[in-house]
1. Can you tell me how the protein assembly as shown classifies by the Cα gyration tensor, rounded, prolate or oblate, using a/c under 1.5 as the rounded cut?
2. Where does the charge balance sit around A:Glu155 when Lys and Arg score +1, Asp and Glu -1, over other residues with C-beta under 14 Å from its C-beta?
3. Sorting B:His21, B:His93 on the 10 Å Cβ count, fewest up front, what's the list?
4. Which residue, B:Pro179, B:Pro38, B:Pro79, has the most motion in a Gaussian network model of chain B that connects Cα atoms within less than 10 Å?
5. Quote to one decimal, in nm, the extra length available between A:Ser5 and A:Arg29 on full extension: 0.36 nm per residue of separation minus the C-alpha distance between them.
6. Please give the residues of the range A:67-102, grouped as numeric ranges, whose backbone N is less than 14 Å from a label point set 7 Å along the Cα-to-Cβ vector of A:Phe188.
7. One decimal, nm, shortest first: give the distances between the label point of B:Arg100 and those of the same position in the other copies, each label point 7 Å from Cα along Cα→Cβ.
8. Can you sort A:Lys184, B:Lys49 so the residue with the fewest Cβ neighbours within 10 Å comes first?
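What follows is calculated from the coordinates using simple rules that are stated; it is not laboratory data. All figures in this text were calculated on a predicted structure; none of them were measured in a lab. No Cβ is skipped: glycine too gets one built from the backbone with ideal geometry, and neighbour counts run over all protein chains shown.
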2 protein chains.
Amino acid sequence: MSRPSHRDTILTSGLRVVHEHGFNGASVRDIVQAAGVPHGSFTNHFPSKEAFVLEVIDLYLAEARLNLRDTLCNDDLAPMHRLRKYVDANIRHISLNDSRNGCLFGNFAVEASDSSEAIRLRIVEIFAEVEKCVDYCLMAAVSVGELRADTNCQELASFIVTSLQGAYLMAKARRDPTPVLNFKEMLFSRVLR
Amino acid sequence: MSRPSHRDTILTSGLRVVHEHGFNGASVRDIVQAAGVPHGSFTNHFPSKEAFVLEVIDLYLAEARLNLRDTLCNDDLAPMHRLRKYVDANIRHISLNDSRNGCLFGNFAVEASDSSEAIRLRIVEIFAEVEKCVDYCLMAAVSVGELRADTNCQELASFIVTSLQGAYLMAKARRDPTPVLNFKEMLFSRVLR
């Protein structure tokens, strides 16, 4: 295997740094230090911090899409089981690094949407994509009778994606994944019953 | 009436600035410029940006407590009506400034909790206070028969406060209060039915 390029190293290390410290909290200096590359490497590869962060978002999204494919969009599994699997995968993800990180998309929604319209629009687009996957799963649940036929799947999907963001935010504030576990409990015992 | 002191002006203008641009996004220079006071005034009154932000949080909390008192904790109103009133007041609050601001507490949970342990702990404490008010209102709803006797009010209160934070985050990202309106619809039609 060839050595990863400085570009790839900056992106993977940079993802870690901005996930933990945020768009404004992580400087380019922090990012090149974490990557172990000279400062000039950053400016060679990325015209701006915004351009870099848009690529970091794509890197994080690629991972998130694998999860969506294996869970919500996985037609081999029963629909409610997929939804559980999706929430469980996110609980594991949120619990990493002592639950300090939260969800990169939600973090950027809060703290980069004021600085960068391009980042804000990209995040809104990604939330819509995730919502579509939840909707797809819920419609499958209706079609096999796991949910009532009169369920408004789109509205419910939007509620689930939105509320999960609240649970990630709370977990990050408390450094504790319990809010996401509570969300799961409430979702299956009360919202979807 | 006496003229407000520089200290008060910095706090009220500063609240507006950090609410819109964030803990890391708003510099001390932005804050003194918005307040129309010399830079030295800031350092005279506040030993650090963290100390300033902790006071801004108290200012915002004072306003939030008035709302809590008039809605969730208002024993003159029927409990479910209080909860509706609480959510409606927050929809109005979130809609200000083209829905750009979000909730100051949620914003700081995301973007200041990594930089300042004092701010993080204060925010966690405030979320617990709001949760207690929701719990108080839900217990009243149980006692008058507006909610089932077997309702786990504490768990439900935690879910409501957490999910509302998700709705504020989404509204901020989209510059549109619809996610909070959707939350309200789902809360009363599905979660509390």
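1. oblate
2. In short, 0.
3. Sorted ascending by nearby Cβ count, the order is B:His93, B:His21.
4. Comparing B:Pro179, B:Pro38, B:Pro79 in a Gaussian network model of chain B, the most mobile one is B:Pro38.
5. The A:Ser5-A:Arg29 span can extend by a further 6.8 nm.
6. Output list for this probe position: A:78-92.
7. Result for B:Arg100, in nm, nearest copy first: 3.2.
8. So the ranking, lowest neighbour count to highest, is A:Lys184, B:Lys49.
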